[in-house]
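Step one of this worksheet: look at the structure below.
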Amino acid sequence: MALSTSAQLKAAIADWLHRDDLTSTIPTFIALAEADIQATLCNSPSLYQWGDATCAVGSQTIAVTGMYKLVSVSYQGTPLRIVQSGSIRPNNGTSGCPKFVALEGYGSLRLYPTPDATYALDVQYVPVISPSLAGGEPDDDADNWLLQLSPGLYLFGSLIAAEGYLQDDARIQTWVSLYTKALNSLINSKREGDLVDSPDPLYIGMFPDTGVLV
């Protein structure tokens, strides 16, 4: 069975569970699996992504897409301090080169001070699993990047989540083993070359003029 869309995933879960009466419940299993996988990705540097975010003069916020958690933000090699959402007061009246940044929701960066010029920021982040496959229509025709990379992770994660509903399913250990294998395969498939240890979340290329690997 192909496994590249939400509808196919839901059909596969029902098939593996040997149940045809869980149509309304399977989306909950998928949602629980997504939440667990999303938290796991926060600890998987090989799956982090890089993006650019450019602020406008006088605008304290930048619209972004698909950022679950910030790992590092910098301007021309100088890191900004990442703070909790809600820590930066809106319209604070102070302007200058941004030194602090907060991720608000999954779609906005808030800066302090308010930019006094245009600044292009380098952003490393944990990506949101998107679009979510837990809902009903029109999600049955949707796919997402994680399902394309590792359909087994979605499938076995959802089966593990189903165990709490089904109770004492003897297959749970098999599903856990297959989930772990799929997770390790995903992480290792994205890991290339040597890892560089660093005391802070800065990576190679952040300081191009120093010759120092960070």
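Nothing in this text is a laboratory measurement; each read-out follows from the coordinates by a stated rule. None of the values given here were measured: they were computed from a predicted structure. Cβ coordinates were reconstructed from backbone atoms using ideal geometry, including for glycine residues, and neighbour counts include every protein chain displayed.
Could you work out how much longer the chain between ASN92 and ASP52 gets when fully extended? Use 0.36 nm per residue separation minus the Cα distance between them, nm to one decimal.
Numbers: separation 40, 0.36 × 40 = 14.40 nm, distance 2.45 nm.
Taking ASN92 through ASP52 to full extension adds about 11.9 nm, to one decimal.
On a full-extension model of 0.36 nm per residue, what is the gain between SER85 and SER108, subtracting their alpha-carbon distance, rounded to one decimal in nm?
Gain in length upon complete extension: 7.3 nm.
If I take R0 = 41 Å and measure r between the Cβ atoms of ALA120 and THR28 in this structure, what FRET efficiency does the formula 1/(1 + (r/R0)^6) give, to the nearest 0.05?
According to the calculation, E is roughly 0.50.
Pairs on different chains or at least eight residues apart, Cα atoms closer than 26 Å: how many lysine pairs in the chain fit?
Final tally of qualifying lysine pairs is 5.
Given a 10 angstrom Cα cut-off, can you work out which residue in ALA120, ALA170, ALA63 is the most mobile in a GNM of the chain?
Comparing ALA120, ALA170, ALA63 in the GNM, the peak value goes to ALA170.
Which listed residue (ASN43, VAL128, SER74) has the Cα farthest towards the positive end of the charge dipole for the chain, taking +1 on Lys and Arg C-beta and -1 on Asp and Glu C-beta about the Cα centre?
SER74
With a cut-off of 8 Å between alpha carbons and a minimum separation of six or more residues, what is the relative contact order of the stretch 38-158 in percent? Write down the numbers at each step before the final one.
Values: 236 pairs, mean separation 37.5, N = 121.
The normalised contact order for the stretch 38-158 reaches 31 percent.
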